[in-house]
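In what follows, a single structure is set out as structure tokens and then discussed.
Read-outs: derived from the displayed coordinates by stated rules, not from any lab. Everything quoted here is computed from the prediction, not taken from an experiment. Positions of Cβ are generated from backbone atoms using ideal geometry, with glycine treated the same way; all protein chains shown enter the neighbour counts.
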Amino acid sequence: MFDQLAFAEIPHEDEAFRARIRRLIEDHVLDRPVSKRVRSWIGVDTAFSRALAEAGLLGLTLPERYGGGGRGPFARYVVVEELLAAGAPVGLHWIADRQSAQVILGFGSEAQKSFYLPRICRGEIFFCIGMSEPGAGSDLASVRSRAERGEGGWQLTGQKIWTTGAHLSDYMIALVRTSGCPEDRQKGLSQFIVDLRAPGVTIRGIEDATGHRDFNEVFFDDVQLSDDALLGDEGAGWAQVNAELAFERSGPERIWSSSVLFDAWIDHLRRVGASSARVERVGGLTAQLAALRAMSIAVTARLAAGEQPVIEASLLKDLGTGFEQKVPEVIADDLGSHPEEEAAPDLRTALIHALALAPAYSLRGGTREILRGIIARGLGLR
């Protein structure tokens, strides 16, 4: 018997959010060139993030008592899909809205919820993720950063790397070791909310191939944390971080990163008059996108049902980022094989940016190797 969640549809009441978000996009986004909109994930615009908050579109899935919208995962799904499809600058508020708020809601104390969640909903504070480390990468169980109990709290030492947006964020939710050693793997890991302006925190930028700064190294040199910086239970960090990663890997974030470039290429083909072979190529990519979107909606349905679809989210992320990487490669091959055509300079610039960004798509949120290990173990294959 087929699982009905596998054929889920977005509820009508959540589809209604499209009109509201499209008005905001029309006012703030569509006048930007394609070469800027193709960098949606790492686009930073404080005014736009706060306009989203003022429109009630941040914290949609958080309870109303914390300033949220009190809606389910599908409401946020619709908003995210529209933002990414248009290439809106979401880099500033993205992580706090997508997962940090959910982790605090699920595992935080009442004091933590009351302090952080309303500020996230108002677009006043922003978060980054402290997971990867030198020598560990996506193998989170081998992290070496450590928090030791001291008088009145904790003392944090160590380093994180590839930390998206740390230089723009106010706080980090960091996965660190509180007992044992790296050989203990998942045991002894805990999560902490770290104030990135605290003494002992140093942030250094890492530029990408186009000269932009998105990634960072973050160093902790005897950073003093109060007792209430511990998020959830001590030693429960592994279970908490896996729940967090289900939010990170499951949504439309994993299929729409190349959509602005795809649309610009289709506009170019309309202008020059595409051959049947080129139309077929567009159709093939469109069919893949439709299938991935159906998968993404099904995973969101599981989240809406209160499940933690770790395996399904990992599968979607693996397939989705492969598609996102394929799109700029196909477009580059197509334009390169028609040198006689005059492509708009902004399209060519956008393509260069997309080709430079694409390798990171299968790194952020877990490498393919890590994801396939999760999938294999979940299916009992290893």
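Quick notes on this structure:
- Gain in span if fully extended, R50 to Q186, counting 0.36 nm per residue against the direct Cα distance: 45.2 nm
- Residues A291 and D170, FRET efficiency given R0 of 41 Å [Cβ-Cβ distance, rounded to 0.05]: 0.60
- Separation in nanometres of the label points that stand 7 Å from Cα toward Cβ, at D208 and D31: 2.5
- Rounded to the nearest 20, the Cβ-based charge dipole of the chain about its Cα centre (Lys and Arg +1, Asp and Glu -1) stands at 260 debye.
- Dividing the mean sequence gap of close Cα pairs (under 8 Å, 6+ apart) by how many residues the chain holds gives a relative contact order of 17 percent.
- The three principal axes of the Cα atoms in the range 1-105 give end-to-end lengths of 47, 32, 22 Å, sorted in falling order.
- Measure of compaction for the range 251-378 (Cα Rg per 2.2 N^0.38 Å): 1.18
- Inter-label distance, nm, simple model (7 Å from Cα along the C-beta direction), D222/D333: 5.7
- Within the same chain, lysines fewer than 8 places from K326 are excluded, and of the rest, those with a Cα less than 23 Å from its Cα are K36, K317.
- Each residue, K326 and R23, gets one label point 7 Å from its Cα in the Cβ direction; the gap between the two is 3.8 nm.
- Calculated P(r) of the chain - Cα pairs past 40 Å, %: 14
- For P199, net neighbour charge (Lys/Arg +1, Asp/Glu -1) across residues whose Cβ lies under 11 Å away: -2
- Each of Q155, V241, L175 was placed along the dipole of the chain (beta-carbon charges, centred on the mean Cα), and the one lying farthest toward the positive end is V241.
- Cross-link partners of K187 among lysines (Cα-Cα below 20 Å; sequence separation of 8 or more within a chain): K160
- Dividing the Cα radius of gyration of the range 128-235 by its Kirkwood radius returns 0.97 for Rg/Rh.
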